[in-house]
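These notes are about the structure you will find just below.
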Amino acid sequence: MTQPASPAREDGAGTTAAPPEASPKASPKTVPAKRLVRWDGRTLTLVGVLAALALVGAITKPDQFIATSNLQLILTQSSVIGVVVVGVTFVIISGGIDLSVGAIVALASVWATTVATQEYGFWGILFTALLVGLACGLINGVLVAYGRLVPFIATLAMLASARGLALQITDGQTQIVSVKSVLDLGRRENYVLGIPPLVIVFLAVVIVGWLLLNRTTFGRRSVAVGSNPEAARLAGIDVRRQRLYLYLLSGLCCGIAAFLLVVLVGSGQSTNGNLYELDAIAAAIIGGTLLSGGRGTIVGSVLGVLIFTTINNIFALNNLQTDVQQIAKGAIIVIAVLVQRRDARDT
């Protein structure tokens, strides 16, 4: 086997930037248990920002922000976009981008909530959402990996097509879900130890995503492809197939998120998932995932999601306008990119 051109390099999550076959130190068996989460400077900064936001919320709206129902709301709202972010993080780590996640969530949700689908009950809605997500991910993956389209163009085309198809299916109308077992999943009386079921699903996706990225060959190959595609190819990695798998994974996450969104709002609309692509990419960047690929952590992306959701919650509680929220998000994204550039220059 030909060895890769670049030496192995560790990131903040214990993943490696060089092809996995090149370094025995990259074996998942060698990662100590105490490094399940590496509390490096970036992670601690994110935790500090989240704590500062919580303090702002507690000061400005002490009776409402720290209420159990509000904290449950923050976690529930984080769940839907958080599942999307896990898939997007893998794509960005591999050096790609997925602008279509919001549109895929919309298409999967409206297709899953058609009258014909609801006749099959809970499982009909769930499997339809997952299949639509996977189908869209497959198309994105084929276009990028084998069609050699630039990820930006391929996923932008999917964004337009999926959003348009969702609008055509619904004819601009809201499709109300009538399946009781689906709606029951979002009711307070079904919370487990005070934790909404949607949050439990989100945590399960996060754990699987963390294990996939940090403890499997698939994760190390994803980092290797994003770090240096040519070195990964020389190391024996099928780069095109790996990229196809990553867009499939992103599509699957969109399907899961679509189902969670249907549970949360009880309907399917063509506007579901609007601007999810921006929030997901921004959360991944804030979490430390490099836009150029080769580095990223699931924990960082989750913290990025929680920061965004907490900001939205504080703004809503204080009756601040949506455009002010967007300005604040834009400022945070710029700061995160500047920090990334400084980190890249320092390393």
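The values are calculated or read from the model by the stated rules, or taken from the named source; none is laboratory data. Just so we're clear, the structure is a prediction, and the values are computed from it rather than from any experiment. Reconstructed Cβ throughout: ideal geometry from the backbone, glycine too, with neighbour counts over all protein chains shown. Heads up: the accessible areas ignore ligands, DNA and RNA and are worked out on the full protein's heavy atoms, side chains in. Shrake-Rupley method; radii C 1.70, N 1.55, O 1.52, S 1.80 Å.
The table that follows gives values for the structure above.
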quantity	calculated
Using θ = phi - 60° and Karplus 6.51 cos²θ - 1.76 cosθ + 1.60, couplings along segment 301-306 (whole Hz; Gly, Pro as x)	5, 5, 5, x, 4, 5
Stretch gain in nm, segment S69-I200, where the contour uses 0.36 nm per residue and the Cα spacing is subtracted	45.5 nm
Heavy-atom accessible surface of the chain: percent carbon and sulfur, 1.4 Å	65
Fluctuation leader among A157, A166, A103 - the chain, Gaussian network, Cα springs under 10 angstrom	A157
Whole-Hz ³J(HN,Hα) from phi, Karplus 6.51 cos²θ - 1.76 cosθ + 1.60, for segment 252-269, glycine and proline x	4, 4, 5, x, 4, 4, 4, 5, 4, 5, 4, 4, 6, 9, x, 7, x, 9
Highest-MSF residue in the chain out of W123, W210, W111 [GNM, Cα springs under 10 Å]	W123
Under 5 Å, built H, 5+ apart or other chain: amide partners of G294	S94, G95, G226, S227
V56/R187 FRET efficiency (R0 35 Å; Cβ-Cβ; nearest 0.05)	0.70
For the chain, built as a Gaussian network whose Cα springs stay under 10 Å, the top-fluctuating residue of V85, V305, V324	V324
Amide H partners (placed H, <5 Å) of S267, local residues excluded	V177
Surface accessible to a 1.4 Å probe, per residue, for the residues of the chain, Å²	46
Radius of gyration, Dmax [segment 200-347; alpha carbons; angstrom]	17.2, 55
Between segment 162-198 and segment 82-108, the alpha-carbon center distance in angstrom	20
Debye intensity ratio I(q)/I(0), log10, segment 183-237, q values 0.24 Å⁻¹ (C-alpha model)	-0.86
Enclosed volume per residue, in Å³, of the convex hull spanned by Cα atoms of segment 287-342	71
Rounded to whole Hz, the Karplus (6.51, -1.76, 1.60) HN-Hα couplings of segment 67-74, x for glycine and proline	5, 4, 4, 6, 5, 5, 5, 4
Label-to-label distance, nm, for residues given as T216 and F152 (7 Å Cα→Cβ offset)	3.1
For the chain, projected area of the alpha-carbon convex hull averaged over all directions, nm²	17.9
